[in-house]
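Participant: Once you've had a glance at the structure underneath, I'll fire off some questions.
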Amino acid sequence: MPNTSISSLARLYARPGFLLRRAHQISAAVFEDECRTVGLTAAQFGVLTVLRASPGLDQSSLARALGFDKVTVLRVLQVLEARGLVARTPDPVNRRNRSVTLTPAGTTALELAQKPAELAYGRLMAPLSTEQKAQLVELLQQLTQGLEHEARAPFVPPDTASVTPP
């Protein structure tokens, strides 16, 4: 008689959701390890990166640009603002909206984080061959694009066509 508890565990451990969650845990740990000296999490790095590309985004657009819910982006912004890395100001047209910009300290922190972030990416992808790295990214893009309608928080990249690179 087969051991059903072992086969159930094998099925669990082979499920894409389980593996994606585990990969995310590892990715976050590797990123935070590499960026420890700069003191940024992956979420904070993402926020700073989007703001550099699209300064003055409102908080809702910033949340959509990262696929975050509004509460998550607010929590990340509160930490970054307390550290003096971003500034939130009322939108002149709609004072209920807040525009978010990098401060000079935020720009410096983002620049300091570039090399550690690349090292984290390298560590995360190290077990894969060059072809596998490209295939993994392509498959993850296909998966997320194909199931975007299932997401709890929408992903809408900012319009960067009119943005001048820094």
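The values are calculated or read from the model by the stated rules, or taken from the named source; none is laboratory data. No experiment lies behind these values; they were computed from the predicted model shown. Here Cβ is always computed from backbone atoms with ideal geometry, including for glycine, and neighbour counts include all displayed protein chains.
Participant: Residues being at positive phi and either free of Cβ contacts under 8 Å to residues at least 12 places away in the same chain or touching a strand residue (DSSP E or B) at 6+ places or on another chain (Cβ under 7 Å) (or both): count how many of those fall in the range 71-90. Quick ask: steps written out before the conclusion?
Facilitator: Going residue by residue through the range 71-90, those that are at positive phi are 84.
Adding the requirement that they be either free of Cβ contacts under 8 Å to residues at least 12 places away in the same chain or touching a strand residue (DSSP E or B) at 6+ places or on another chain (Cβ under 7 Å) (or both) leaves none.
Result for the range 71-90: 0.
Participant: Being among the small types (Gly, Ala, Ser) and in a loop (DSSP other than H, G, I, E, B) is the filter; apply it to the range 119-142 and report the residue that is nearest to residue 32 (Cα to Cα).
Facilitator: Of the range 119-142, the ones among the small types (Gly, Ala, Ser) are 120, 122, 126, 129, 134.
Cutting the leftovers down to in a loop (DSSP other than H, G, I, E, B) gives us 126, 129.
Details: 126: 17, 129: 24 Å.
Residue satisfying both the conditions and the ranking: 126.
Participant: Can you work out which of the residues in the range 143-153 that are within 16 Å of the chain's Cα centre (by Cα) and outside any helix (DSSP H, G or I) is nearest to residue 69 (Cα to Cα)?
Facilitator: Restricting to residues being within 16 Å of the chain's Cα centre (by Cα) and outside any helix (DSSP H, G or I), the top hit is 153.
Participant: Here is a further query. Of all residues in the range 49-61, which are assigned to a loop (DSSP other than H, G, I, E, B) and surrounded by 18 or more Cβ atoms within 10 Å (Cβ to Cβ)? Give the steps one after another, and end with the answer.
Facilitator: Going residue by residue through the range 49-61, those that are assigned to a loop (DSSP other than H, G, I, E, B) are 54-56.
The one that is assigned to a loop (DSSP other than H, G, I, E, B) and surrounded by 18 or more Cβ atoms within 10 Å (Cβ to Cβ): 54.
Participant: Another question, then. Which members of the range 62-98 meet the condition of being assigned to a loop (DSSP other than H, G, I, E, B) and either crowded, with 18+ Cβ neighbours inside 10 Å or within 18 Å of the chain's Cα centre (by Cα) (or both)? So that I can check it myself, show each step before the final result.
Facilitator: Initially, the range 62-98 is screened for residues assigned to a loop (DSSP other than H, G, I, E, B), giving 67-69, 83-85, 91-97.
The answer is 67, 68, 69, 85.
Participant: Additional query: Could you grab the pairs with beta carbons closer than 7 Å, sequence gap of 6+ or different chains, first residue in the range 91-112 and under 21 Å from residue 64 (Cα atoms), second one among the β-branched types (Val, Ile, Thr)?
Facilitator: 98/89; 99/89; 100/86; 101/86; 102/86; 106/86; 110/49
Participant: Further question: Looking only at the range 115-151, which residues are among the small types (Gly, Ala, Ser), surrounded by 10 or more Cβ atoms within 10 Å (Cβ to Cβ) and either on the phi > 0 side of the Ramachandran plot or modelled with pLDDT of 95 or more (or both)?
Facilitator: Quick first cut of the range 115-151, residues among the small types (Gly, Ala, Ser) only: 117, 120, 122, 126, 129, 134, 146, 151.
Retained after the next criterion (residues that are surrounded by 10 or more Cβ atoms within 10 Å (Cβ to Cβ)): 117, 120, 122, 134, 151.
Hits for the range 115-151 are 117, 120, 122, 134.
Participant: Among the residues of the range 100-114, count how many are of a type outside the set (A, V, I, L, M) and surrounded by 20 or more Cβ atoms within 10 Å (Cβ to Cβ). Please lay out each step first, then the result.
Facilitator: Let us first name the residues in the range 100-114 that are of a type outside the set (A, V, I, L, M), namely 101, 103-104, 106-108, 111, 114.
When the remaining residues are screened for being surrounded by 20 or more Cβ atoms within 10 Å (Cβ to Cβ), the result is 106.
Summing the residues that are of a type outside the set (A, V, I, L, M) and surrounded by 20 or more Cβ atoms within 10 Å (Cβ to Cβ) in the range 100-114 gives 1.
Participant: May I pose another question? Within the range 51-67, does at least one residue satisfy the condition of being among the basic types (Lys, Arg) and over 16 Å from residue 107 (Cα atoms)? Talk me through it step by step, then tell me what you get.
Facilitator: Just the residues of the range 51-67 that are among the basic types (Lys, Arg), to begin with: 52, 64.
Still in the running and over 16 Å from residue 107 (Cα atoms): 64.
Yes, the range 51-67 contains a residue that is among the basic types (Lys, Arg) and over 16 Å from residue 107 (Cα atoms).
Participant: Before we move on, is residue 46 surrounded by 18 or more Cβ atoms within 10 Å (Cβ to Cβ) and closer than 13 Å to residue 113 by Cβ? If you could, list the steps in order and put the result at the bottom.
Facilitator: Values: surrounded by 18 or more Cβ atoms within 10 Å (Cβ to Cβ): yes; closer than 13 Å to residue 113 by Cβ: yes.
Against the criterion (surrounded by 18 or more Cβ atoms within 10 Å (Cβ to Cβ) and closer than 13 Å to residue 113 by Cβ), residue 46 qualifies.
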